[in-house]
1. Would it be correct to say that Val215 is aliphatic (A, V, I, L, M), under 21 Å from Thr154 (Cβ atoms), touching a Gly at 6+ places or on another chain (Cβ under 9 Å) and open to solvent by 20 Å² or more (accessible area, probe 1.4 Å)?
2. Hey, among Asp202, Asp208, Asp179, which residue is open to solvent by less than 50 Å² (accessible area, probe 1.4 Å) and either of a type in the set (Asp, Glu) or modelled with pLDDT under 90 (or both)?
3. So how many residues does the range 209-248 have that are more than 35 Å from the chain's Cα centre (by Cα), touching a residue at least 24 places away in the same chain (Cβ under 8 Å) and in a loop (DSSP other than H, G, I, E, B)?
Amino acid sequence: MGEQPPWNPYGQHEPNQWPGQPPYQGQQPYPPQQTYGRQQEPPQYYPPPQQQYYPPQPPSKKRHWVRNSFLALAGIIVLIIISSLAANKSSNGTPAANGGAAAANAAPAAPQAAKIGTPVRDGKFQFTITSVSHAKSVGDTAHGLGDTAQGKYTILHVTVTNIGSQPQTLDDSSQYVYDASGRKYDASTSADADLNSASGSDSVFFNDINPGNTVRGELAFDMPPGVKAVKAELHDSAFSGGITVNLR
């Protein structure tokens, strides 16, 4: 027997050749894909969709007209409000400069301070200073029972009436006088004890006064020589506002 050629899986053809096909140059390890009687169509290429371009549209003239009309109307309303406020301020506020003097003259005058002999009220008490006197000493100094001032006593002769509905204690330590320089002086307790009666009918030293009752007495203030009291400040208690009486 002669030598047989090796087994060829492709039959009688070369490995790079398939029946009905032209020979290929180079190696083809696999046979071409079978179509089974139907020719294979090449893949179709579809280009991507292009974006439609729309040119910008000019703004509507109608919208601009509406906006401008609205702004103009708002400006007119604001001007009307400002004008109204200015008119009210002119009529109710501070007067003009040329009318300031007339307005000042038309203002009510401040109430004048009470004087000697004028009844004044503070709290539950009505005070009346009937007169003012001066003395170097008070009381029974001949027997060593009186008091002598360091300077000179200014003595207020006062009448006090309880105008309230409850008893109130009149305390001389709550009464004051002032000199022309504004210096404040309190009452001399020892001198007041000498000047006022112990019975209470004519005492403003330390006296409990019932509603409707009136007492009279004297309040002494030790002041430097040559210094005069120009006003008195009277209180129904240590916590009241007080009332001022002009002593000039």
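The values are calculated or read from the model by the stated rules, or taken from the named source; none is laboratory data. Just so it is clear, the model here is predicted, and its values are computed rather than measured. Every residue, glycine among them, receives a Cβ derived from its backbone with ideal geometry; neighbour counts consider all protein chains shown. The area values use the complete protein model at the heavy-atom level, side chains included, leaving out ligands, DNA and RNA. Shrake-Rupley method; radii C 1.70, N 1.55, O 1.52, S 1.80 Å.
1. no
2. Asp179
3. Going through the range 209-248 one residue at a time, the tally reaches 12.
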